[in-house]
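Take this structure first; my questions come after.
The values are calculated or read from the model by the stated rules, or taken from the named source; none is laboratory data. Just so we're clear, the structure is a prediction, and the values are computed from it rather than from any experiment. Cβ atoms come from the backbone with ideal geometry, glycine included; neighbour counts cover every protein chain shown. Note: accessible area is taken over every heavy atom of the protein model, side chains too, but ligands, DNA and RNA are not part of it. Shrake-Rupley method; radii C 1.70, N 1.55, O 1.52, S 1.80 Å.
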Amino acid sequence: MLAQMQTRMLIDGDWTEGAASERFEVVDPATGEGIAEVAAGTAADALAACDAAEAAQRKWAAAAPRERSEILRACYQTLLEHSSEIAELITREHGKPQADALGEVAYSAEFFRWNAEEAVRVHGSVSLAPSGDKRIITRHPPVGVVAMVTPWNFPAAMIARKVAPALAAGNATVIKPARDTPLTALRLAQLLEEAGVPPGLVNVVPTRSSGAWFDAVVDHRAVRMVSFTGSTEVGRTLLRRCADRVLKVCMELGGNAPFVVFADADLDAAVAGAMVAKMRHSAEVCTAANRFFVEAPVAEEFTERFAESMAAVRVGNGFEPGVTCGPMINPGAVDSIDALVQDALGHGARKVNGGGPVDGPGFFYEPTVLADVDASSPITRSEIFGPVAPVIAFDDTNAMIAAANDTEMGLIGYVYTGDLAKGLHVSERIEAGMVGINRGAVSDPAAPFGGMKQSGLGREGASEGIYEFCETQYIAADW
Ligand code: NAD
């Protein structure tokens, strides 16, 4: 399949080598070997894509919402029909197990189905001003051209979650996929065009010079919005740059999720939920549980059972049957995970299992559970982004909530308890954009995904998702 796939960039419906005719290598993290060379976009290519998007967007914005809706629905169908092929590509360049990759494709496709439904429901309003002197009409035109910068951890879904609502609202897009995972992005764009998305609306320009790419795009006159998913650190840099042209932004940034287990929780469910919240997609997920707060009476039992489940995880190439944890994305990721683990161990944490890299080839890390972790150590302050679970026992709920909230991140939290009222009460006190009660996964195209604090600005999905890609215009009228 790789031999047939597209490795050039997509600008205005044409596959091109780009201005520099240079390429960069994409590596399979399960083997450490190169699998393809992808055309490396320059600032000039990014600007050409913006020009194309500008021209295509005018026509698209004038198309009937029903027409846009039908095309998005066809995208949904096309992605489903190509599920196994896209999943294969995801596993090849990201490494996640095939089951996770297939789940990602289904999740991605759902954003097209959901936004096909939303495209015909962008409502404005008409009201009489309180003074009675005029009618207040509000409407929601599309923003225009949206620049999108996406991470490697969901090579398909983080693009689908942005492109589907952007197109539904009548926008055009210029996408910079992550350097580690451009192949899925290119194939996705090809399939969207096959499904009927007109040329110029979805442009994909991979690059190895993301700073230069971004600088060029931000200054293009037609670009009115930046939608970014990635780390908080990079998000801050992009936000500063967006300020130069007062661009609209949607920022989906890093997390540091607390996973709380109360003594009255169903421990079987809590362990199963912990495995989902920690380990799906090889633990490289913004919503991954990062700190496990377990009420003292059950802390030992939970830790033992959780460690047993972690020890049973089969680590390996995501194509091998039975593997549920693939490689980390690159050697640097393994090093930074290990640095956090070694630091915690050096500061009194107890290794229950795992605790180190797995010998190559490939970039693997052992599923690891650490007990007796100090709630203020670096491992609890950083996004681990790997299969490592620090467990912290607690006695006092108020102190636990204060510790859970003692972070600049606020993407998601998880609460396990047999008492739903307590679960709701604690959820309301957790400073996060999303909370799962007795659930280890919450993502759904019909729900608003996004963070509080430095985990982000704006929401993706739900009925809010499409309005992120719209302006609001108010017309004052007498009639
Ligand atoms: P990253 O911030 O390193 O990179 C994200 C994207 O930004 C990539 O395409 C990268 O090439 C690009 N980039 C980096 N520097 C840039 C610059 N100076 N100018 C323009 N673009 C630049 O993040 P990552 O390592 O790819 O992904 C992991 C991070 O993403 C984690 O922090 C994770 O929590 C976060 N994430 C958040 C969500 C969410 O919805 N909140 C979802 C997935 C991942």
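Per residue, how much accessible surface does the chain expose to a 1.4 Å probe? Answer in Å², no decimals.
38
Would you please classify the overall shape of the chain from the alpha carbon gyration tensor, given that a ≥ b ≥ c denote the square roots of the eigenvalues, rounded means a/c under 1.5, and beyond that prolate means a/b larger than b/c while oblate covers the rest?
oblate
Taking the DSSP beta bridges in the chain as the whole, what percent of them are antiparallel, to the nearest 5?
45
Within the set of other residues whose C-beta is less than 12 Å from the C-beta of A421, count the net charge using Lys and Arg as +1 and Asp and Glu as -1.
It works out to a net charge of -2.
Right, next: Report the calculated FRET efficiency for Q342 and A212 (r = Cβ-Cβ distance, R0 = 35 Å), to the nearest 0.05.
Calculated value: 0.45.
Which whole number in µm²/s is D for region 310-427 by Stokes-Einstein, with the Kirkwood Rh taken over Cα pairs at 4 °C and 1.567 mPa s?
After rounding, the answer is 82 µm²/s.
What's the extension gain from Q473 to M452 if we count 0.36 nm per residue and subtract their Cα-Cα distance?
4.9 nm
Also: Pairs K59/K248; K162/K351; K162/K422; K59/K96; K59/K453; K248/K422: which are spaced more than 31 Å apart, C-alpha to C-alpha?
K162/K351; K162/K422; K59/K96; K59/K453; K248/K422
Once you wrap a convex hull around the alpha carbon atoms of region 128-193, what is its projected area averaged over all directions, in nm²?
Computed as one quarter of the Cα hull surface, the answer is 6.1 nm².
Taking amide H positions as placed in the peptide plane 1.01 Å from N, state which residues far from N290 in sequence (5 or more) or on other chains have amide H under 5 Å from it.
The answer is A257, F259.
Now a separate question. Working out 0.36 nm times the residue gap between D396 and E67, then minus their Cα-Cα distance, what length gain in nm do you get to one decimal?
Gain on extension, D396 to E67, equals 112.8 nm.
What residues have an amide H closer than 5 Å to that of Y365, excluding those fewer than 5 places away on the same chain, when H is modeled at 1.01 Å from N in the peptide plane?
For Y365, the qualifying residues are M328, V358.
Probe radius 1.4 Å, ligands and nucleic acids ignored: give me the carbon and sulfur share of the accessible area of the chain as a rounded percent.
So the carbon and sulfur contribution to the accessible surface is 51 percent.
Which of the peptides 173-185, 378-390 is most tightly packed, and how do the rest follow, judged by the mean count of other Cβ atoms within 10 Å per residue?
Packing proxy ranking, top to bottom: 173-185, 378-390.
Label region 156-214 by shape, choosing from rounded, prolate and oblate, from the square roots a ≥ b ≥ c of the eigenvalues of the Cα gyration tensor; if a/c is under 1.5 it is rounded, and otherwise prolate applies when a/b is larger than b/c, oblate when it is not.
Prolate is the answer for region 156-214, as a/c is 1.5 or above and a/b outweighs b/c.
Right, next: Can you run phi through the Karplus equation (6.51, -1.76, 1.60; θ = phi - 60°) for region 108-122 and list ³J(HN,Hα) in whole Hz, with x for Gly and Pro?
Once rounded to whole Hz, the list reads 4, 4, 4, 5, 6, 5, 4, 7, 4, 6, 6, 4, 9, 10, 8.
Counting Lys +1, Arg +1, Asp -1, Glu -1, what net charge surrounds G461 among other residues with beta carbon under 11 Å of its beta carbon?
Taking every Cβ under 11 Å from that of G461, the sum is -4.
Which of the aspartates and glutamates could a cross-linker span from K278 if the Cα-Cα distance has to be under 17 Å and same-chain partners fewer than 8 positions apart are dropped?
Straight-line reach from K278, under 17 Å: D100, E104, D268, E304, E308, D338, E366, E383.
A further question follows. To the nearest 500 deg cm²/dmol, what mean residue ellipticity at 222 nm is calculated for the chain from DSSP H runs of n ≥ 4 alone, each contributing -39,500 (n - 2.57), summed and divided by the residues?
That calculation yields -12500 deg cm²/dmol at 222 nm.
Can you tell me which of 294-301, 113-120 comes out highest on packing, and rank the rest after it, using the mean Cβ neighbours within 10 Å?
With the highest mean Cβ count within 10 Å placed first, the list reads 113-120, 294-301.
Whole-Å semi-axes of region 82-165's equivalent ellipsoid, largest first, each the root of 5 times a Cα gyration tensor eigenvalue?
Semi-axes (√(5λ), whole Å): 41, 13, 9.
Now for a different question. Please list 3J(HN,Hα) in residue order for region 367-384, calculated via the Karplus relation 6.51 cos²θ - 1.76 cosθ + 1.60 where θ = phi - 60°; whole Hz, with x for glycine and proline.
Karplus values, whole Hz, x for Gly and Pro: x, 10, 10, 10, 9, 6, 7, 6, 4, 10, 7, x, 5, 8, 9, 10, 7, 5.
Continuing with the same structure: Suppose each label sits 7 Å from its Cα in the direction of the beta carbon; what would the E17-R135 distance come out to in nanometres?
In this crude spin-label approximation the distance works out to 5.9 nm.
How would region 155-257 be classified by its alpha-carbon gyration tensor: rounded, prolate or oblate, with rounded meaning a/c under 1.5 and the a/b versus b/c comparison settling the rest?
Verdict is prolate for region 155-257.
Counting only the backbone N, which residues of region 81-125 are under 20 Å from the spot 7 Å out from the Cα of A272 toward its beta-carbon?
Once the point is set 7 Å along Cα→Cβ of A272, 99-100, 103 turn out to lie under 20 Å by backbone N, inside region 81-125.
Need the full-extension length gain, V442 to E428, defined as separation in residues times 0.36 nm minus the C-alpha distance. One decimal, nm.
Stretched out fully, the V442 to E428 stretch lengthens by 3.4 nm.
Return the long-range amide H neighbours of R23 (sequence gap of 5 or more, or a different chain), with a cut-off of under 5 Å between placed amide H atoms.
A40
Continuing with this model, one more query. Kindly express, to the nearest 10 degrees and within the range 0 to 90, the angle between helix 65-81's C-alpha long axis and the longest C-alpha principal axis of the chain.
Once rounded, one gets 40 degrees.
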